[in-house]
Amino acid sequence: MSGFATALPAGRKRRGEGHTRREEILQAAKELFLEQGYDLTTIRRIADRVGISAPALYLYFKDKEALMLALCDQTFSHLSEAIDEIEKTVADPLERVRRFGEAYVRFGLSHPDEYRLVFLNPNIPEPLRRTGHRMPTDDPTAPGVGGALVFKRLVTIIGELDASGTKLNYPPDTCGELCWMGLHGLVSAFIMKPDFPWSNRDLLINGMLDVHLKGIVKA
C-alpha cells in the first residue's frame, strides 16, 4: 500500500524536481529545433524525446513559442554571466567595451548550436521579431527579455565610456547596434563556414574589436 501512496501521475516530477524536468524539456526542444527545424518540430515530438506525454509537457510550457523564448533566455544567461565578471573585474570604461565584445564572440563560438538557434534561425517567435533588443526590460522575468537585457547592459557600458570623457561618434544605442552587427557577422562566418581557410582567428577577433572601437570613438 505504501507504494500506491507515493505513486505520481506519469510525467510529473516529485516536489523539488520540476526544475530538472524543465531542463530536460528545453534540451529536447533545442535538439529537435536544430535537427528538424522549428516549423517541423511538434510538442508531441518534444514530449516523446523526453519520455513524457504532451499534457505533462504543457505543465511546464504552454506552447512551442514559449519553449523557444525560454531557450533564447537560457542562451543569453550564459552571456550575462560573462558580463557580470567583466563588471566586477574591469574598471576602465574603454576596456569594458572591448571585453564585452570579446565575451560576445567567445560566447558565440563556445555555444555554436545555441547561437544558430537564437541568431541564425528564421523562425524567431513573433514577440521577438517585433521588438528584438528594444523589448521593454522593466520586467526582467518576462519571457524572451534576455537579449534586451544584455543589449541594455552594453548600451550602459558604452554610455559610461562617453561620460568618462571619451566621446562617441554616435549615440550609445547606435554604437551598441554597430558593435553587435559587426561581431555577429564575424561569429556567424566562423560558425557557418568552419572549414573556410580563415587566417588566424584570434587576430581576426582582435582586429574586429579594434575596428569597432575606432569606429565608435572620436579620434
Check your understanding: Roughly what would the spin-label model give for Leu109 and Thr89, points 7 Å off Cα along C-beta, in nm?
Key -> 1.7
Point to revise | Approximate spin-label separation Glu31-Ala189, in nm, with each point projected 7 Å along Cα-to-Cβ | key: 3.4
Review point. Which of the trypsin sites (Lys or Arg not before Pro) found in the stretch 185-219 are loop residues per DSSP with 10 or fewer other Cβ atoms within 10 Å of their Cβ?
Key: Lys218
Study note, to complete from the structure: When Leu34, Leu128 are ranked with the fewest other C-beta atoms within 10 Å first, the list becomes Leu34, Leu128
Practice item. Assuming R0 = 22 Å, can you tell me the calculated FRET efficiency for the pair Tyr170 and Asp210, based on Cβ-Cβ distance, to the nearest 0.05? Key: 0.80
Review point. From the square roots a ≥ b ≥ c of the eigenvalues of the alpha-carbon gyration tensor of the stretch 65-216, which class results: rounded (a/c under 1.5), prolate (a/b over b/c), or oblate?
Key: oblate
Review point. Once you list every other residue whose beta carbon is under 13 Å from the beta carbon of Met135, what net charge do they have if Lys and Arg are +1 and Asp and Glu are -1?
Key: 0
Practice item. Using just the helices of the chain, give the 222 nm mean residue ellipticity in deg cm²/dmol: DSSP H runs with n ≥ 4 each add -39,500 (n - 2.57), and the total is spread over all residues, rounded to 500. Key: -22000 deg cm²/dmol
Review point. Using modelled backbone amide H atoms (1.01 Å from N, in-plane), which distant-in-sequence or interchain residues come within less than 5 Å of Leu168's amide H?
Key: Lys218
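None of the figures in this text is laboratory data; all of them are computed from the coordinates on show. Quick caveat: nothing in here was measured; it's all calculated off a predicted structure. No Cβ is skipped: glycine too gets one built from the backbone with ideal geometry, and neighbour counts run over all protein chains shown.
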